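Below is one structure, written out as structure tokens; the observations come after it.
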Amino acid sequence: MSSTFAIAIVGATGSVGESLLQLLEERDFPVTDLHLLASNESAGRSLAFKGRNLRVRAVEGFDFRTVQLVFFAADPAVTRVHAEAVRKAGCSLIDVSGALPADMAPRVVPEVNGEAISGQAPFALTSPASVAVAVGLVLGALRDVLQVQKVVINAGLAVSSRGREGVAELARQTAELLNGRALEPRLFDRQMAFNVLAQVDEADADGHGSLERRIHEDVRALLGEGLQSVAVNCHQVPVFFGDSLSVTVQASTPVELDKVLAALEAAVGIELVEAGDYPTVIGDAVGQDEVYVGRVRRGIDDPCQLTLWIASDNVRKGAALNAVQLGELLIKHYL
């Protein structure tokens, strides 16, 4: 196994890309050469890494034979355009966008289903949607104490789920309203500031958004065949960063709450908030590597039902950190 690796980040100037760069430095990822790639419009910028300023280059025309591992943190279309070139170059990839089919790039959270990685390099892996990472981590920690049959996820998503444009749009709308100016929605289809939108992207013929379908597929992939059904409802909330999730689980047998709490308390990557309190994204989850869990309770009239509240940093924990952990897993055992 090589001691250091040549790595590229596609989408380096986006919020996830910059968080990836920060985590690679914080976790002392074994990088020998780091290539920052982005669109032609973003090429030429410089980003700091380990005391140096690295110049961002255009992804178009980049020779992937010069690297061993690529992180894709751009739009799904970018991944689809370049994934074949990465494969032909013999380079492994980790995709955050969910652009590739599961049979080509399995969905993996190292703490939950790291065994899904198999075979020989080059590898293609998908870091699941941020909501699925948080839900998978929490419910995966309960495997030994809870046989989950059904899951209902109600996800309040921060505007950063739409990238930097979402953050800028909420900031602009808020400033316009607070200054008494007329509001003209741009990125969102209606007022986002001081409002909650019932969907986060365009719905299909059955009324489900593409992100809801992705979360559904990711959660099923993470939790395995024993899961009978997953229902997902995503809504956009006027928060800059952090997913706020209400999750209800239907188990096959009555929930033993003391065992559930003990399992959550012992789990790696989870911070259980004591009874009588609850976590929020502001003040708890944002900027942290842990998923925060609170309001853990049995159903009012169904002893086989468990409801809990989850707060998680969608950019750092849900996207960038899981991708970096996948890279660490590949390097440790496979590359």
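The values are calculated or read from the model by the stated rules, or taken from the named source; none is laboratory data. Everything numeric here is computed off the predicted structure, so don't read it as measured data. So basically every Cβ, Gly included, is an ideal-geometry build from the backbone, and we count neighbours across all protein chains shown. Ligands, DNA and RNA are stripped out before the accessible areas are found, and what is left, the full protein with its side chains, is counted by its heavy atoms. Shrake-Rupley method; radii C 1.70, N 1.55, O 1.52, S 1.80 Å.
Could you tell me whether Ser312 is closer than 16 Å to Val109 by Cβ, touching a residue at least 40 places away in the same chain (Cβ under 8 Å) and among the hydroxyl-bearing types (Ser, Thr, Tyr)?
yes
Here's the yes/no breakdown for (1) more than 30 Å from Ser127 (Cα to Cα); (2) touching a residue at least 60 places away in the same chain (Cβ under 8 Å); (3) out of contact with any Pro (no Cβ under 9 Å at 6 or more places or on another chain):
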position	(1), (2), (3)
Ala175	yes, no, yes
Arg190	yes, no, yes
Glu202	no, no, yes
His208	no, no, yes
Ile215	no, yes, no
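Would you kindly identify the strands (runs of 3 or more DSSP E) lying entirely within the range 32-87 that contain at least 1 residues that are closer than 25 Å to Thr4 by Cβ and polar (S, T, N, Q)?
46-49, 52-58
Checking the conditions here, which among Ile300, Ile282 is out of contact with any Phe, Trp or Tyr (no Cβ under 9 Å at 6 or more places or on another chain), among the hydrophobic types (A, V, I, L, M, F, W, C) and open to solvent by 30 Å² or more (accessible area, probe 1.4 Å)?
Every option except Ile300 fails the conditions.
Give me the pairs: first residue in the range 99-123 and outside the structural domain of Val78 (by the TED database) and touching a residue at least 24 places away in the same chain (Cβ under 8 Å), second residue open to solvent by less than 10 Å² (accessible area, probe 1.4 Å) and assigned to a loop (DSSP other than H, G, I, E, B), beta-carbon distance under 6 Å, and six or more apart or on different chains, which are they?
none
If Asn314 passes every condition in (1) within 15 Å of the chain's Cα centre (by Cα); (2) in a helix (DSSP H, G or I) but one, which one does it miss?
In the conditions (1) within 15 Å of the chain's Cα centre (by Cα); (2) in a helix (DSSP H, G or I), Asn314 misses (2) alone.
Filter the range 1-20 down to the residues that are among the aliphatic types (A, V, I, L, M), within 23 Å of Ser161 (Cα to Cα) and open to solvent by 10 Å² or more (accessible area, probe 1.4 Å) and list them by number.
Of everything in the range 1-20, just one residue is among the aliphatic types (A, V, I, L, M), within 23 Å of Ser161 (Cα to Cα) and open to solvent by 10 Å² or more (accessible area, probe 1.4 Å), namely Val16.
Check Val273, Val249 and return the single one that is touching a residue at least 40 places away in the same chain (Cβ under 8 Å) and of a type outside the set (D, E, K, R).
Result of the check over Val273, Val249: Val249.
Got a number for residues in the range 63-110 being touching a Phe, Trp or Tyr at 6+ places or on another chain (Cβ under 6 Å) and charged (D, E, K, R)?
The number of residues fulfilling the criteria is 1.
I need the full set of residues from the range 106-121 which are assigned to a loop (DSSP other than H, G, I, E, B), at pLDDT below 95 and under 26 Å from Arg220 (Cβ atoms), in order please.
Within the range 106-121, Ile117, Ser118, Gly119 qualify.
How many residues does the range 125-183 hold that are small (Gly, Ala, Ser) and surrounded by fewer than 17 Cβ atoms within 10 Å (Cβ to Cβ)?
5
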